[in-house]
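Since the structure comes first, as structure tokens, the remarks are kept for the end.
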Amino acid sequence: MQSATWLNALLVYLAAAVVAVPVSKALGLGSVIGYLLAGIAVGPWGLGFVTEPAQILAFAEFGVVLMLFLVGLELEPARLWRLRTPIFGWGTVQVAASAALMTAGAVALGVAWPVAMAAALGLAMSSTAIGLSVLNERGALPTTSGQGVLSVSLFQDISAIPILAAFPLVGAAVLGPAAAGAAHGASGWMGAVQALGVITGIVLGGRLLLRPALRWIARSHAPEIFTAFSLLLVVATAALMHAVGLSMALGAFLAGVLLAESEYRRALETDLEPFKGLLLGLFFMAVGMSIDFAVVLANPALVAAIVLGFLLIKAAVLLVMARTMPVPLMERPVFVILLAQGGEFGFVVFQAAQQARLLSGGQTSLLIAAVAVSMLLTPLLMVAADRLLLPRLQRRRAGQAKPMAEIAEPQDAPIIIAGSGRYGQIVGRLLFANGLQATVLDHDAEAVEGLRQFGWKVFYGDAGRLDLMRVAGAGRARILVLAIDSVEPSLAVARMVREHFPHLTIVARARNLTHYFGLRRLGVQHIERETLDSALMSGRSVLELMGWEPHQARTLALRFRRHSIELLNQMEALQDPADEGALIAASRQGRRQLEETFARERAAAAQRQGRKGWDGDGSAGGDAHPAAAEAAARSPARDSAGS
């Protein structure tokens with residue numbers, strides 16, 4: 001029966017996740033909200049498949065532990081030391097200011113100060129699991145806002161040490177030893193000492209013992225044992241922290257940091273990543289299951305007031321922090337929303353406060369429900385911010401930006417480069433390195449500003465405007481490098497230049513064959529397809545790695561290039577949408593001609609050298625590389641000219 005129960009539970013969890021998460025992501029809501037909704041659906045207040053979510057939550061919290069361990073692996077001790085100011089500085093500001101303001105507000109509303117203080121300290125916490133999961137999903141962890149969320153979350157875990165130690169003391173002071181338990185004061189301080197001792201032991205043990213142990217395990221050449229040891233390491237660290245009443249995730253994070261510089265870092269990440277994803281998803285489902293809708297439905301206005309109140313207070317503190325740190329304007333919504341929510345460690349704080357008799361059972365249930373609701377709302381708030389707030393901030397930033405002045409002073413450089421993207425930058429650097437001056441035009445204000453910061457002399461302006469091209473010196477220049485990304489604007493500039501500045505020689509890039517033939521019809525002779533030469537260089541590298549001598553690979557690549565250009569010239573007359581069959585036939589014929597030419601040259605080389613094929617030292621021959629010839633003969637016909 002136990003086996004059947006276990007299988008049924010596993011079936012329910014996996015089926016709910018497989019259905020809910022893809023649907024949630026397809027709707028643009030993200031995977032976290034999918035897991036939360038799946039938990040609500042199968043929990044006590046949904047279909048009722050799961051009736052004891054607290055047990056699942058305790059097990060699934062291990063997903064958060066694994067996540068913090070993997071985050072620690074990305075932070076070397078030196079880098080963590082550089083984060084000490086945001087961790088202990090801004091982390092302290094967030095926890096202390098949020099707790100103080102919430103305590104003051106609750107006291108002003110008539111709540112007893114011990115209750116207000118205990119509730120405020122729990123509500124000041126944020127969900128590390130949701131915060132880091134959303135940041136990882138968006139690829140935003142390395143950003144300023146991502147590092148800020150990580151730093152504050154780490155401090156919240158660290159602050160648990162004094163918070164949990166203080167509750168028994170406050171309970172004894174307020175209620176008296178008889179009511180709170182005389183042993184609580186001593187156990188609080190003893191707990192703090194034990195916590196510091198465990199942390200010290202983890203740090204010293206990680207420095208002195210972990211690497212030798214990992215080397216010893218690796219010598220066994222048993223991948224499954226290395227995976228087992230990886231899990232054992234995280235479980236043991238979490239168990240030590242849990243034994244002294246601290247955050248298991250904090251202990252795992254410390255272990256990860258201690259191994260961040262080890263040679264086994266990548267192996268540990270590879271082994272643990274699949275477990276982290278599954279267990280973290282189960283954790284979010286357990287949070288959804290654990291929302292006590294009975295408390296919410298019995299006190300809807302009170303729960304809503306608590307959620308709205310602490311979200312607004314924390315958001316106000318975080319906005320001030322974001323402006324001061326500073327966090328870029330477009331990243332502030334992420335920073336504020338992810339830290340304004342309640343967190344899973346708030347559950348621990350509330351339960352500790354209840355044990356110290358600072359909170360009643362009803363108050364604890366109410367606060368836990370409020371935190372769970374805030375965690376449910378966070379992914380929805382992120383979606384709302386992406387769709388409503390961020391576009392407004394983008395327009396606001398664009399409106400505040402000073403309009404960039406267009407090119408106004410006449411230029412006399414012999415070369416004009418239209419477009420300062422990747423292609424135009426490479427051309428410009430080559431010219432400048434050889435003492436040639438060029439006037440660079442681009443109509444992207446941000447690109448122009450960015451290049452100016454690196455010392456480039458770039459002018460803002462649209463090369464498609466006749467008046468700006470006159471100011472840029474098109475009437476006196478000799479060459480126009482047409483490096484514009486988009487096809488239609490590029491053709492428009494070429495058309496205008498051919499009409500008004502026929503003396504200018506145009507050297508153009510072509511993104512594809514359509515672009516190439518369009519430029520040719522306008523009379524442009526010097527055209528380079530942007531992917532052809534880079535692809536040929538890669539092909540040369542492959543030939544050399546397969547045994548060809550470098551000079552032979554270079555010759556073959558150049559011959560292919562010449563043939564490709566000749567084929568394009570033949571196809572140019574066929575560029576008629578109604579004659580697609582003739583175009584395909586010409587492409588196939590060109591490919592066959594190229595293969596026949598290479599085959600004849602290989603046979604002639606083999607005959608000259610008195611042997612057949614390519615030998616081991618890379619000499620030219622006919623059949624020493626039969627796989628290449630056979631693969632070419634079998635491959636489907638396609639346009640050998642490329643794009």
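The values are calculated or read from the model by the stated rules, or taken from the named source; none is laboratory data. This one's a predicted model, so the numbers in the text were calculated from it and none came from an experiment. Ideal geometry is used to build each Cβ from the backbone, glycine not excepted, and the neighbour counts take in all protein chains shown. Only protein heavy atoms, including side chains, enter the accessible area calculation; ligands, DNA and RNA are left aside. Shrake-Rupley method; radii C 1.70, N 1.55, O 1.52, S 1.80 Å.
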Open item on the list: Just to check your reading of the model, which residue among S159, S126, S133, S145 is buried (at least 21 other Cβ atoms within 10 Å of the Cβ), assigned to a helix (DSSP H, G or I) and modelled with pLDDT of 85 or more?
Closed with: S145
Task: First in segment 259-281 and part of a helix (DSSP H, G or I), second anywhere and surrounded by fewer than 19 Cβ atoms within 10 Å (Cβ to Cβ), Cβ under 6 Å, 6 or more apart - done: D271/T227
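Restricting to segment 110-121, give me the number of residues that are surrounded by 15 or more Cβ atoms within 10 Å (Cβ to Cβ) and more than 16 Å from A316 (Cβ to Cβ).
8
Scan segment 534-552 and tell me whether some residue there is within 26 Å of P414 (Cβ to Cβ), in contact (Cβ under 8 Å) with a residue 24 or more places away in the chain, of a type in the set (D, E, K, R) and surrounded by 14 or more Cβ atoms within 10 Å (Cβ to Cβ). Break it down into steps so the answer makes sense when it comes.
Pass one, segment 534-552, residues within 26 Å of P414 (Cβ to Cβ): none.
No: segment 534-552 contains no residue that is within 26 Å of P414 (Cβ to Cβ), in contact (Cβ under 8 Å) with a residue 24 or more places away in the chain, of a type in the set (D, E, K, R) and surrounded by 14 or more Cβ atoms within 10 Å (Cβ to Cβ).
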Task: Residue satisfying condition, being open to solvent by 50 Å² or more (accessible area, probe 1.4 Å), in contact (Cβ under 8 Å) with a residue 24 or more places away in the chain and touching a helix residue (DSSP H, G or I) at 6+ places or on another chain (Cβ under 7 Å), within set V50, V107, V93 - done: V93
Task: Residue pairs meeting the criteria (Cβ under 9 Å; at least 6 apart or on separate chains; first closer than 14 Å to A129 by Cα, in segment 328-344; second acidic (D, E)) - done: E344/E61
Task: Matching residues, segment 413-442, being open to solvent by 80 Å² or more (accessible area, probe 1.4 Å) and modelled with pLDDT of 85 or more - done: I426, R429, L430, A433, N434, Q437
